[in-house]
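Have a look at the structure below before the remarks.
The values are calculated or read from the model by the stated rules, or taken from the named source; none is laboratory data. The shown structure was predicted, so the numbers you read here are calculated from the model rather than taken from an experiment. Note that we place each Cβ from the backbone using ideal geometry, even for glycine, and neighbour counts take in every protein chain shown. Only protein heavy atoms, including side chains, enter the accessible area calculation; ligands, DNA and RNA are left aside. Shrake-Rupley method; radii C 1.70, N 1.55, O 1.52, S 1.80 Å.
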Amino acid sequence: MPGLPILLFVAVSTFMAVSIIIVAHVVGPKARSTAVKLMPYESGMDPIHSARQRFNISFYLLAIEFLVFDVELLFLYPWAVAAGGTSPTALGRLPAEAGVFWAVMGFVTILMIGFVYTWRKGVFKWN
Amino acid sequence: MLNDSAMTRFLMAWGLSGDVAVLATTVVHAAILVHFFAAAPLVLIWLERKVAGRLQDRLGPTRVGGRFGWLQGAADGIKLVQKEDLAPAAADSVLFRMAPYIVFIGSFGAFIALPWSDGWTAMELDAGLFFILAIMSVEVIGVIFAGYASGSKWSLLGGMREAAQVVSYEVPMALCCLLPVMLAGTVNIMEIGRMQSGWVWNWFVLHDPFCLIGFFVYFTVATASVKRAPFDLAEAESELVAGFHTEYSGIRWSYFFMAEYASMFAVSGLATVCFLGGWHLGVPVLEWLGLAGNPAWWAVAISGVIGFALFAAKSLSLVFVQMWIRWSLPRLRIDQVMTTCLKYLLPISCVLLVGLAAWPLVIYAATNALQPGRGRTTLIGPALGERSAPARTSAESAGVTPTIAERVEVRR
C-alpha cells in the first residue's frame, strides 16, 4: 500500500504531540479551576451572550469562491505537467507548441468571466 | 519512494524483507523529522526575538545560555510544559483539545516531502509539491476548530478571519507554485530541484520575468498563508486579544506557535526549491570538483551535506526576511488583506500563468524571425528539455550531453 508510510509519519507525529501533552500533565500543576477561571475571556467583563452567533455572509460567499478556484487548480496542475519539461506537448520544445497554450487560454478565459462576474456582484466587498 | 533510500537498502542487505525495511525506515525518518520539527521552532523563536530586538534598537534576549541568550527558546519550552492545561467551561471540550493536534500534524506534514538536499528527503513522493500544498492547508481546519470551540467571541472572530484569509491566499499560492511546475513538467519536488543545477541562471526565478514576479508574489502570499505580520489578522493583538488562541494555555498554546514557525520554514523551503535553485549554489563548483553525480559514497555524502547547508541557508534567509517584514510593517485591516488577495494577487498570478505559457512561444517567434530556422525557446542558457545534467553518465563521457529525461532514466 503506497500510502502506508505517510500514515506512519502521521502516526509518529501524533504520538509525539500526545506524549508532550502527557509530559505536561505529569510535570505541570493540577488545574485548580474556579468558575471565574473557566469563563471565556472578554477583557475583564462578564461575557454577554454565547459566542456561537451568526456571522457575516461574506465568509460563506468567499468559501464558495475558494471552492471554484481550488477545483480549477486541480485541473491546471495536470496541464502544467503536460505543458512543461520534456513532455511531448511541452511549451519549451522546438518548434514551440501553440495548441497547448490556446487550450489553457480558453480555460482561464472562462474562469476570468466568472471571476469578473463575482467581483461585479460585490462578493469581494468587505464592510 | 523509500525503496531506494540508503537505509532501506542497508536493512535489506541485513536480510529484512522489503516491506519491513520500508516501514522501519519510515519510522526512523519520522522520528528524526519530528524532533527537528519540535526543535526548530525553539531556535526560530530565539532568532525572532533577536531580530525584533535588533530592529527596535534593543538587544533581545541576552541572559539565558550565555551572551547571546541562545537557550531562551528552550527555557520558554520548559516553562510552557509546566503550565496548567485549561479548557473554558463554555468550550466544546473535544474540538478544543483536538485543534492543536490538527495544527501540529498539518504543519508537520509539509516536512514529509520537503527535499533537504539531492536525495535527502523523508519520503520522495511523485507529487511532492502538490502534497505539501495540500497538507499545509489542513492547518486551517485546526485553527477554525480552535476559534469555534473556544466559546469566546475573540476566538470566533479570529478563527473566521483566519479561515477567510487562508483559503483566499491558498489560490494565488497554488497558482504561483504552478509556474515552476510548468517549467519542470513534473510535480515531483526533488526533480524540480534537480533541474536547477549548474549556473545561477538555471534557477527558475531567473528563467523569465514572470517567474521573477511570481517569486515575489509567492513570497507575499506565503507570508499571508502562514498568518505572519502584516497579515496576522487571525491573532491581531491590538483588536482581538490573541485571536483564535485566546483561550489556550500552556503546552497546547505552544503547539500553535510551533506550527507557525515550522510553517514559516516550510513555505520558505518550498520557495527555495521552486524558485531559488534548492540545494544548488548557482556556480557549478561541485561539477568542477567531480563530486556531483559521482557514485562513490564519500562524494554522495559530501555533496549531500553541502547541498543541505545551502538549502538551510537559503531557507533561513527567507525566514529572516519574513521576520524583518513583521517588525517593519504595520498590520493591515481585514478588508485590506482580503482586497490585496482577491483583487490584486489573484488576477496577477493568473496573468503570470498565462504569461509564462506564452513566453516560450513569443521568444520562439521573435528569435525565429531574426534568424529563420534557428528559433529558440529561452533567452539565456539551454532550453529546459535540453539542459545538461550534473550526473556523469555514460552518455556524457562519450561527449554527448544527456537531457533531463535521459538522466531520470539513468537514475532509475
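With the dipole of the protein assembly as shown worked out from charges on the C-beta (+1 for Lys and Arg, -1 for Asp and Glu) around the Cα centre, which of B:Leu206, B:Val103, B:Gly243 lies farthest toward the positive end?
Checked the options; the winner is B:Gly243.
Put +1 on the Cβ of every Lys and Arg and -1 on every Asp and Glu Cβ in the range B:85-347; which of B:Leu183, B:Leu346, B:Ala313 then has its Cα farthest towards the positive end of the dipole?
B:Leu346
Hey, any idea what Rg/Rh is for the range B:266-357, computing Rh the Kirkwood way over Cα pairs?
On the way: Rg = 18.8 Å, Rh = 16.3 Å.
Radius of gyration relative to Kirkwood radius: 1.16.
Using only the alpha carbon atoms of chain B, find the Kirkwood hydrodynamic radius as the inverse mean reciprocal pair distance, in angstroms to one decimal.
23.0 Å
Using a simple spin-label model with points 7 Å from Cα along the Cα→Cβ vector, what separation in nm is obtained for A:Leu67 and A:Trp126?
Distance between the two pseudo-spin positions: 2.2 nm.
Taking only Cα atoms, what is the 0 to 90° angle, nearest 10, from helix B:297-326's long axis to the longest principal axis of chain B?
Around 50 degrees separate the two axes.
Per the 1.4 Å probe, what fraction of the accessible area of the protein assembly as shown, in percent, lies on carbon and sulfur atoms?
Roughly 69 percent of what the probe reaches on the protein assembly as shown is carbon or sulfur.
Contact order normalised by length for chain B, with contacts defined as Cα pairs under 8 Å and 6 or more residues apart; what percent is it?
Here the relative contact order equals 18 percent.
At the nearest 100 Å², what buried accessible area, both sides summed, do you get for B and A when the probe is 1.4 Å?
Values: alone 19670 and 11420 Å², together 24310 Å².
Summed over both sides, the interface buries about 6800 Å².
Using each residue's phi in the range A:102-113, evaluate 6.51 cos²θ - 1.76 cosθ + 1.60 at θ = phi - 60° and report the 3J(HN,Hα) Karplus result to the nearest Hz, with x for Gly and Pro.
5, 4, 6, 4, x, 4, 5, 4, 4, 5, 5, 4
Once you charge only the Cβ atoms, +1 for Lys and Arg and -1 for Asp and Glu, what is the size of the charge dipole of chain A about its Cα centre, to the nearest 20 debye? The partial results should precede the final answer.
Values: 9 positive and 6 negative charges, 91 e Å.
Taking the Cα centre of chain A as origin, the dipole is about 440 debye.
Over all residues in A:44-56, what is the mean tally of Cβ atoms on other chains that come within 10 Å of each residue's Cβ? The partial results should precede the final answer.
Working: counts 0, 0, 0, 5, 1, 1, 4, 15, 6, 2, 0, 3, 2.
If you average over the peptide's residues, the count of other-chain Cβ atoms is 3.
Once phi is turned into ³J(HN,Hα) by the Karplus curve 6.51 cos²θ - 1.76 cosθ + 1.60 with θ = phi - 60°, what whole-Hz value does each residue of the range B:91-103 show in order, with x for glycine and proline?
6, 7, 4, 5, 5, 4, 7, 7, 3, x, 4, 5, 4
Which angle from 0 to 90°, rounded to the nearest 10, does the C-alpha axis of helix B:72-81 make with the longest principal axis of chain B?
50 degrees
Which whole-number value in Å² is the accessible area per residue of the protein assembly as shown, probe 1.4 Å? Write down the numbers at each step before the final one.
Working: 24310 Å² over 539 residues.
It amounts to 45 Å² per residue over the protein assembly as shown.
Taking beta carbons within 10 Å but only from partner chains, what does the mean come to for residues B:155-168? Could the numbers behind the result be given before it?
Numbers: counts 3, 6, 2, 0, 0, 4, 1, 0, 4, 9, 1, 1, 8, 6.
What the average comes to for B:155-168 is 3.
Compute the longest continuous run of chain B that contains no exposed chymotrypsin sites (Phe, Trp or Tyr not before Pro); treat a site as exposed when its DSSP state is not H, G, I, E or B and it has at most 15 other Cβ atoms within 10 Å.
Values: sites that count: B:Trp14, B:Phe68, B:Trp327.
By the stated rule (loop sites, at most 15 other Cβ atoms within 10 Å), B:69-326.
Using protein chains only (no ligands, no nucleic acids) and a 1.4 Å probe, work out which residues of the range B:27-45 have their accessible area cut by at least 10 Å² relative to the chain alone.
B:Val27, B:Ala30, B:Val34, B:His35, B:Ala38
How big is the dipole moment of the range B:85-347 about its Cα centre under a simple scheme where the beta carbon of each Lys and Arg is +1, that of each Asp and Glu is -1, and everything else is neutral? Debye, nearest 20, please.
Working: 12 positive and 18 negative charges, 73 e Å.
Dipole magnitude for the range B:85-347 comes out near 340 debye.
What is the Rg over Rh value, at two decimals, for the range B:60-177, using alpha-carbon atoms and the Kirkwood definition of Rh? Intermediate results must be reported in sequence, preceding the final value.
Details: Rg = 18.2 Å, Rh = 17.0 Å.
Result for the range B:60-177 is an Rg/Rh of 1.07.
Hey, which of these cross-link pairs are over 26 Å Cα-Cα: A:Lys30/B:Lys79; B:Lys79/B:Lys314; B:Lys50/B:Lys314; A:Lys37/B:Lys83? Let's see the in-between values first.
Working: A:Lys30/B:Lys79 15 Å; B:Lys79/B:Lys314 31 Å; B:Lys50/B:Lys314 19 Å; A:Lys37/B:Lys83 14 Å.
Distance filter (> 26 Å) returns B:Lys79/B:Lys314.
B:Val138 to A:Ile113: FRET efficiency via 1/(1 + (r/R0)^6), r the Cβ-Cβ distance, R0 30 Å, to the nearest 0.05? Could you put the intermediate results ahead of the total?
Numbers: r = 32 Å, r/R0 = 1.05.
Plugging the Cβ-Cβ distance into 1/(1 + (r/R0)^6) gives 0.40.
Calculate the radius of gyration of the Cα atoms of the protein assembly as shown to one decimal place, then report Dmax, the largest Cα-Cα distance, as a whole number, both in Å.
Cα only, the protein assembly as shown: 24.6, 84 Å (Rg, Dmax).
Averaged across the residues of B:92-102, what count of C-beta atoms belonging to other chains lies within 10 Å of each residue's C-beta? Display every interim value, and only then the final one.
Numbers: counts 1, 0, 0, 0, 0, 1, 0, 0, 2, 5, 1.
The mean count of partner-chain Cβ atoms within 10 Å per residue comes to 1.
Please build a GNM for chain A, connecting alpha carbons under 10 Å apart, and tell me which residue among A:Ser33, A:Ser19, A:Ser50 fluctuates the most.
A:Ser19
Under the rule of -39500 (n - 2.57) per DSSP H run of 4 or more residues, summed and divided by the residues of chain B, what mean residue ellipticity at 222 nm is obtained, to the nearest 500 deg cm²/dmol? Numbers along the way, then the final one.
Values: 17 runs with 258 residues, N = 412.
Value at 222 nm, helices only, nearest 500: -20500 deg cm²/dmol.
List every residue whose amide H lies under 5 Å from the amide H of B:Ser117, counting only residues 5 or more places away in sequence or on a different chain, with H placed 1.01 Å from N in the peptide plane.
none
With +1 on each Lys and Arg Cβ and -1 on each Asp and Glu Cβ, and nothing else charged, work out how big the dipole of the range B:1-82 is about its Cα centre, in Debye to the nearest 20.
Numbers: 8 positive and 5 negative charges, 115 e Å.
So the dipole magnitude of the range B:1-82 works out to roughly 560 debye.
If you average over every viewing direction, what projected area does the convex hull of the Cα atoms of chain A give, in nm²? Could you put the intermediate results ahead of the total?
Values: hull surface 64.4 nm².
So the Cα hull casts an average projection of 16.1 nm².
Quick one: Debye curve from the C-alpha atoms of the range B:1-82, no solvent, what's log10 I(q)/I(0) at q = 0.26 Å⁻¹?
-1.15
Of B:Val22, B:Ala39, B:Gln82, whose Cα points farthest to the positive end of the dipole of the range B:1-82 (charges on the beta-carbon: +1 Lys, Arg; -1 Asp, Glu; origin at the Cα centre)?
Checked the options; the winner is B:Gln82.
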